[in-house]
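Chemist: Structure provided below as structure tokens; questions to follow.
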Amino acid sequence: MRVAIIGTGYVGLVSGACFADFGHVVTCVDKDKSKIDKLHAGIMPIYEPGLDNLVAKNVKEERLFFTTDAAEAVKDADAVFIAVGTPSRRGDGHADLSYVYGAAEEIGQMMNGFTVIVTKSTVPVGTGDEVEAIIRKVRPDGDFAVVSNPEFLREGAAIKDFKIPDRVVVGTEDERAKQVMKELYRPLFLNETPILFTARRTSELIKYAANAFLAVKITFINEMADLCEKVGANVQEVSRGIGLDGRIGSKFLNAGPGYGGSCFPKDTLALTKTANDYGSPVRIVDTVVEVNAARKKAMAAKVINAMGGDVKGKTIGVLGLAFKQNTDDMRDAPSLDILPALTAAGARVVAYDPEAMTEAAHLLKGIEFAGSAYAAIEGADAMVIITEWDQFRALDFDRIKAAMKSNIVIDLRNIYSPEDMAKHGFAYTSIGRPVV
């Protein structure tokens, strides 16, 4: 099949590369010429493990193309995916749908013959209705169907999530559109992936409900971690104890500094706004949003307390800036709350992240950046782990002690064991675990 994807951001580029690898002919469209030029040169606009090789392979085999010419891509497409950004709108927290609606209007002007227009961007309930109305206004005689097909991609594992998903959700009641979507995802049918066909509004809500539920799990275990610290319990054992219950499951029960990234913060906020607009507030999610925001801010105080209550004039080596490992995404990362609070308290902060420092440099002022983990902690009064990159999981303890001025380690991801750290002579603080 011939596929056009509008938007070469995280979702659009990963989806386009994976559809091409399924054997479809895919053209990814973006108005940003510099981004398209870089893609032609094999330079990825995002860091995602394996994406550069997947793109190169399918470009070479002439199944994946990049262009700024939307008309050329859309006119011959069987399916056109809208994969543009839906950031939180300034002032009220609603999803900004201007890019989605702009793409819909352009597609309506360019499509030729029966076309399935697929909303891949995360959008509030009812957006598909508005997209359909926009296109119908532009092309009263148009032959098309608007479909919801939300993405469930984890940054850092997106290619696997696309090719071996838990499920695929498709929102449409149009039979021709169903057949097109079945053909697009045919390789997954062969692997017996559950493909759920629903009404369009149901599909739109599934995406928000899924992200909100995961955010609830993260926030719940973070609050349990706080309680563990008060009563002398171990949050990792609590997590395992409840995660072994099949009704609960073990995923997203790792205590840490709070969730961030491109999805959970904006999607939970958008869901609460939509729910309030419809007079059906989701109070649990409202609370999750508030608790998570407060938690990220509280992590700086945790660091300061571990350093004796005063960091003025002290040097803090920070490992990890991105909101999670295997991505360069800095959107709503806990580091954006923690590091400014530490510098405001008078600390000198030297940070290292394997992939996110270029983006971090635009967002964090007054921070120094190092070329390696060990360079970041050279002469430091404390080491703080914020992101759980694999390369931080097996640091040389002797080298750390030799590099640092003191022995204070604050691990906000619980990647080390308190017993091992104590054995090596570190004053070790972690999340929700007793001090040894």
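Chemist: Checking residue 85 against (1) free of Cβ contacts under 8 Å to residues at least 60 places away in the same chain; (2) outside any helix (DSSP H, G or I); (3) not hydrophobic (A, V, I, L, M, F, W, C), which test does it fail?
Modeler: (1)
Chemist: Given the structure, is residue 251 outside the structural domain of residue 86 (by TED's automatic domain parsing), part of a loop (DSSP other than H, G, I, E, B) and among the basic types (Lys, Arg)?
Modeler: Working: outside the structural domain of residue 86 (by TED's automatic domain parsing): yes; part of a loop (DSSP other than H, G, I, E, B): yes; among the basic types (Lys, Arg): yes.
So residue 251 passes the test.
A quick yes/no check of all residues on (1) in the same structural domain as residue 76 (by TED's automatic domain parsing); (2) more than 26 Å from residue 133 (Cα to Cα):
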| position | (1), (2) |
| --- | --- |
| 151 | yes, no |
| 155 | yes, yes |
| 168 | yes, no |
| 178 | yes, no |
| 181 | yes, no |
| 188 | yes, yes |
| 227 | no, yes |
| 232 | no, yes |
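Chemist: Within the range 151-170, is even one residue within 16 Å of residue 198 (Cβ to Cβ) and touching a residue at least 60 places away in the same chain (Cβ under 8 Å)?
Modeler: For the range 151-170, residues within 16 Å of residue 198 (Cβ to Cβ) and touching a residue at least 60 places away in the same chain (Cβ under 8 Å): present.
Chemist: Hey, another quick one. Identify all residues within the range 68-82 that are touching a residue at least 40 places away in the same chain (Cβ under 8 Å) and either out of contact with any strand residue (DSSP E or B) (no Cβ under 6 Å at 6 or more places or on another chain) or farther than 23 Å from residue 115 by Cβ (or both); write none if there are none.
Modeler: Hits for the range 68-82 are 69, 72.
Chemist: Out of 233, 225, which single residue is within 21 Å of residue 433 (Cα to Cα) and surrounded by fewer than 22 Cβ atoms within 10 Å (Cβ to Cβ)? Before you say what the answer is, go through the steps one by one.
Modeler: On the way: 225 fails: surrounded by fewer than 22 Cβ atoms within 10 Å (Cβ to Cβ).
Of the residues listed, the single one that is within 21 Å of residue 433 (Cα to Cα) and surrounded by fewer than 22 Cβ atoms within 10 Å (Cβ to Cβ) is 233.
Chemist: Which residues, taken from the range 92-121, are surrounded by fewer than 24 Cβ atoms within 10 Å (Cβ to Cβ) and either β-branched (Val, Ile, Thr) or in a helix (DSSP H, G or I) (or both)?
Modeler: If the condition is that a residue be surrounded by fewer than 24 Cβ atoms within 10 Å (Cβ to Cβ) and either β-branched (Val, Ile, Thr) or in a helix (DSSP H, G or I) (or both), then 98, 99, 101, 102, 105, 106, 108, 109, 110 are the ones that fit.
Chemist: Out of (1) free of Cβ contacts under 8 Å to residues at least 24 places away in the same chain; (2) over 23 Å from residue 297 (Cα atoms); (3) not hydrophobic (A, V, I, L, M, F, W, C), the odd one out for residue 425 is which?
Modeler: Result: residue 425 fails condition (1) only.
Chemist: Please verify whether the range 153-170 includes one or more residues that are crowded, with 21+ Cβ neighbours inside 10 Å and farther than 30 Å from residue 325 by Cβ.
Modeler: yes
Chemist: Modelled with pLDDT of 95 or more, surrounded by fewer than 20 Cβ atoms within 10 Å (Cβ to Cβ), in a loop (DSSP other than H, G, I, E, B) and in contact with a strand residue (DSSP E or B) (Cβ under 7 Å, 6 or more places away or on another chain) - does that describe any residue in the range 31-49?
Modeler: Within the range 31-49 (the criterion being modelled with pLDDT of 95 or more, surrounded by fewer than 20 Cβ atoms within 10 Å (Cβ to Cβ), in a loop (DSSP other than H, G, I, E, B) and in contact with a strand residue (DSSP E or B) (Cβ under 7 Å, 6 or more places away or on another chain)), the answer is no, since none of the residues qualifies.
Chemist: Something else: From (1) at pLDDT 95 or above; (2) within 19 Å of the chain's Cα centre (by Cα); (3) surrounded by fewer than 20 Cβ atoms within 10 Å (Cβ to Cβ), pick out the condition that doesn't hold for residue 89.
Modeler: Of everything listed in (1) at pLDDT 95 or above; (2) within 19 Å of the chain's Cα centre (by Cα); (3) surrounded by fewer than 20 Cβ atoms within 10 Å (Cβ to Cβ), residue 89 misses just condition (1).
Chemist: Here's a follow-up. With respect to the numbered conditions (1) more than 17 Å from residue 410 (Cβ to Cβ); (2) of a type outside the set (A, V, I, L, M, F, W, C); (3) buried (at least 20 other Cβ atoms within 10 Å of the Cβ), which one is the sole condition not fulfilled by residue 359?
Modeler: (3)
Chemist: Still on this structure, please answer the following. Which fully enclosed helices (runs of 4 or more DSSP H) of the range 145-243 have 3 or more residues being within 26 Å of the chain's Cα centre (by Cα) and at pLDDT 95 or above?
Modeler: Hits in the range 145-243: 158-163, 200-231, 235-243.
Chemist: Kindly list the number of the only condition in (1) among the charged types (D, E, K, R); (2) buried (at least 20 other Cβ atoms within 10 Å of the Cβ); (3) out of contact with any Pro (no Cβ under 6 Å at 6 or more places or on another chain); (4) within 14 Å of residue 258 (Cβ to Cβ) that fails for residue 290.
Modeler: Here residue 290 meets the rest and fails (2).
The values are calculated or read from the model by the stated rules, or taken from the named source; none is laboratory data. Source: prediction; values computed, not measured. We place every Cβ from the backbone using ideal geometry, glycine too, and count neighbours over all the protein chains shown.
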